[in-house]
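S.K.: Before I ask anything, here is the structure I am working with.
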Amino acid sequence: MEKKVLIVDDEPDLIEIIQYDLEEAAYSTLTASSAQQALDVLKKNPDVSAVVCDIVMPKMNGVQLLQEVRKHSSYPIFIFVTAYSAFDERTIFDLGGNAMVKKPFTRLALINNCERLLTPEKLRWDFLTNSKLKVGIEFEANLGDLGEVHFGRAGMTFKNTQNFRIADTFHFKFKDQNFEGVATVRWREGANCGVEFLTLTPTSFEYWNSKVDLKNLIAVIPKG
């Protein structure tokens, strides 16, 4: 199945660079120089798998584009590339964005995010396939001890009892729900943190699936 990516940026040079990198990696690409143009492209091309989008653009910014698209669907995936933005990752994930890559970024970082996020969750989070992930932190607790827990399309929010830092990757085991996997911290806010799943055991995948309504849920990692 062809993987089609829409690139949205008001800088033609950056569009050209991203387009070259994606096409070298065997992606089909479309381009738009504004968020409004991107909406038109998406209407004409419902088979777009991913949107690689700048945030800071005139008239309609990338986050407003995301919100407009998410009024109708949780797809395609959105990967934001930006040097500076008033929007933090906590907001981006809550609104349905899937990743945020900071400029300047490497070709590998962009391609890895596309490959990862375009892989269906059950395969992407497969515990055995990802068993070689390097994890330096072990976290064992009861889910019921972590305050108000909120699940999203690709992660969860809970009370940060371990004082995790952003980008910490850890193996978790919540004994009371037999919920186990590996996650990485995407944001911290007050006493809470938001984490993205990297792996889940089969029973944990089923538990997560029972907690989310994927037809109506927009947040990838909810604010809480």
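Throughout, read-outs are computed from the coordinates displayed, never taken from laboratory work. Keep in mind that this is a model prediction, so the values were computed, not measured. Cβ coordinates were reconstructed from backbone atoms using ideal geometry, including for glycine residues, and neighbour counts include every protein chain displayed.
S.K.: With +1 assigned to the C-beta of every Lys and Arg and -1 to the C-beta of every Asp and Glu, and no other charges, what is the dipole magnitude of the chain about the Cα centre in debye, to the nearest 20?
M.R.: Using Cβ point charges on Lys, Arg, Asp and Glu, the chain gives about 360 debye.
S.K.: Cross-link partners among aspartates and glutamates for Lys59, C-alpha distance below 19 Å, same-chain residues fewer than 8 apart left out?
M.R.: Asp9, Asp10, Glu11, Asp40, Glu68
S.K.: Take the chain, connect every pair of alpha-carbon atoms lying under 10 Å apart with a spring to form a Gaussian network, then pick out the residue of Val51, Val182, Val101 with the largest mean-square fluctuation.
M.R.: Of the options given, Val101 has the highest mean-square fluctuation.
S.K.: Using only Cα atoms, locate the centre of the stretch 157-194 and the centre of the stretch 1-71, then give the distance between them in Å, rounded to an integer.
M.R.: 32 Å
S.K.: Where does the Debye-calculated log10 I(q)/I(0) of the chain sit at q = 0.07, 0.08, 0.12, 0.13 Å⁻¹, using only Cα point scatterers of equal weight, no solvent?
M.R.: -0.22, -0.29, -0.65, -0.76
S.K.: Along the charge dipole of the chain, Cβ charges K/R +1 and D/E -1, which of Trp125, Val41, Ser210 sits furthest on the positive end?
M.R.: Ser210
S.K.: Another one. Test of the criteria: in the stretch 1-85, which chymotrypsin sites (Phe, Trp or Tyr not before Pro) are in a DSSP loop and have at most 16 other Cβ atoms within 10 angstrom of their Cβ?
M.R.: Loop-located and lightly packed - Tyr84.
S.K.: FRET efficiency for Glu140 and Glu189, Cβ-Cβ distance as r, R0 = 25 Å, nearest 0.05?
M.R.: For R0 = 25 Å, the calculated efficiency reads 0.55.
S.K.: At a Cα cut-off below 18 Å, give the lysines reachable from Lys44, other chains included and same-chain residues fewer than 8 away excluded.
M.R.: Lys3, Lys4, Lys71
S.K.: Could you grab the relative contact order for the chain? Cα pairs under 8 Å, six or more apart, rounded to a whole percent.
M.R.: 17 percent
S.K.: Can you give the charge dipole size of the stretch 102-149 about its Cα centre, rounded to the nearest 20 debye, using +1 on the beta carbon of Lys and Arg and -1 on the beta carbon of Asp and Glu?
M.R.: For the stretch 102-149, the charge dipole is close to 560 debye.
S.K.: Between Glu121 and Glu16, what length in nm is gained on full extension when 0.36 nm per residue of separation is reduced by their alpha carbon distance?
M.R.: Here the segment from Glu121 to Glu16 would lengthen by 34.8 nm.
S.K.: Work out, step by step, the length gained on full extension between Leu133 and Lys43: first 0.36 nm times the residue separation, then minus their alpha carbon distance; give nm to one decimal.
M.R.: Gain in length upon complete extension: 28.5 nm.
S.K.: Which percent of Cα-Cα pairs in the stretch 1-62 sits in each 10 Å bin, short to long?
M.R.: 24, 55, 20, 1
S.K.: Here's something else I'd like to know. With label points built 7 Å along Cα→Cβ from the Cα atoms of Ala26 and Ala86, find their separation and express it in nm.
M.R.: So the label points at Ala26 and Ala86 sit 4.3 nm apart.
S.K.: Let me ask something additional. Report the extension gain between Arg70 and Ile166 in nm, rounded to one decimal, defined as 0.36 nm multiplied by the number of residues separating them, less their alpha carbon distance.
M.R.: 31.9 nm
S.K.: May I pose another question? Based on DSSP H runs of at least 4 residues, each adding -39500 (n - 2.57), what is the mean residue ellipticity at 222 nm of the chain after dividing by all its residues, to the nearest 500 deg cm²/dmol?
M.R.: -8000 deg cm²/dmol
S.K.: Of all beta bridges DSSP finds with both residues in the chain, what is the antiparallel percent, to the nearest 5?
M.R.: 50 percent
S.K.: Pairwise over distinct Cα atoms, reciprocal of the mean inverse distance: report the Kirkwood radius of the stretch 4-118 in Å, one decimal place.
M.R.: Here the Kirkwood hydrodynamic radius works out to 13.8 Å.
S.K.: Let me ask something else. Return the FRET efficiency for the residue pair Lys175, Leu214: r is the Cβ-Cβ distance, R0 is 22 Å, and the value is rounded to the nearest 0.05.
M.R.: Taking R0 as 22 Å, the efficiency between Lys175 and Leu214 is 0.25.
S.K.: Sticking with this structure for a sec: Got the relative contact order for the stretch 4-118 handy, in percent, Cα pairs under 8 Å and 6 or more residues apart?
M.R.: Once divided by the residue count of the stretch 4-118, the mean separation gives 24 percent.
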